[in-house]
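Quick notes on the structure that follows.
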Amino acid sequence: MPTPADDVCFLDILTDPNLERHYNESEDLSRWRSNKTNRGPLEKGWRDNHNPIMCSYKRVKCSFEIYGFQTRTEDFLHNIIKDILLVGHRQAVAWVDEWHGLSLEEVREYEKAMQEKTNNKVKSNQNNSGEVAAADLHSVEIPPRIEGEIVQLHVRAVQAETGGGEKKRLQ
């Protein structure tokens, strides 16, 4: 079943608001310049006149079926996911000089190294109670996925039999 047009959300890595805590000057695409690809900085309207361009489709399904909490919780989760996608895709573009020209095997090695680095960072952020502390998105390097596949992201929160409320999708 196709996603209704009014449930599709277009994210713009240049003009969509960036939370102050996620801002990093080296990842500001209005100032960024790639040495390897000779691209950048991006300017308003870049999607209409830039070549090449890449589209990334994400399908997010969020369900929190508890009366009185559903809409607020689902909206909250969708906003968090939008922030994560914006930060991740901005970083993928801003870091193009790190991965441009790598073979798929080299990308896999880079991803594995970054995954180990991220896991070690999370482990070192554990506090005395054994809970994992929330890591700053800029302090943990998350490698960009470079494959030409469509990634489907399904988020399923708590689902109860209480029903009610509308379901929203972010794509």
Interchain or sequence-distant (5+) residues whose placed amide H lies within less than 5 Å of the amide H of GLU65 are ALA160
Expected vector for segment 28-45, Karplus 3J(HN,Hα) from phi with 6.51, -1.76, 1.60 and θ = phi - 60°, integer Hz, x for Gly and Pro, equals 7, 6, 7, 10, 5, 9, 8, 6, 6, 9, 6, 10, x, x, 7, 10, 3, x
Sorted largest first, the C-alpha extents of segment 4-60 along its principal axes in whole angstrom are 40, 31, 18
Contour minus Cα-Cα span, GLU106 to HIS50, at 0.36 nm per residue, comes to 17.4 nm
Volume per residue (Å³) of the convex hull spanned by the alpha carbons of segment 1-95 is 127
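May I ask you to compute the full-extension gain from ASN79 to ARG31, defined as 0.36 nm times their residue separation minus their alpha-carbon distance, rounded to one decimal in nm?
14.7 nm
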The long-range amide H neighbours of TRP32, using H built 1.01 Å from N in the peptide plane and a cut-off of under 5 Å, are LEU42
In this structure, the FRET efficiency calculated for ASN119 and MET1 from their beta-carbon separation, with R0 = 35 Å, to the nearest 0.05, is 0.40
Of the listed links LYS58/LYS112; LYS58/LYS117; LYS36/LYS61; LYS82/LYS117; LYS44/LYS123, those spanning more than 30 angstrom between alpha carbons are LYS36/LYS61; LYS44/LYS123
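Could you compute the net charge surrounding ARG90? Neighbours are other residues with a C-beta less than 13 Å from the C-beta of ARG90; K and R count +1, D and E count -1.
-4
Each value in this text was obtained by applying a stated rule to the coordinates, not by laboratory testing. Everything quoted here is computed from the prediction, not taken from an experiment. Here Cβ is always computed from backbone atoms with ideal geometry, including for glycine, and neighbour counts include all displayed protein chains.
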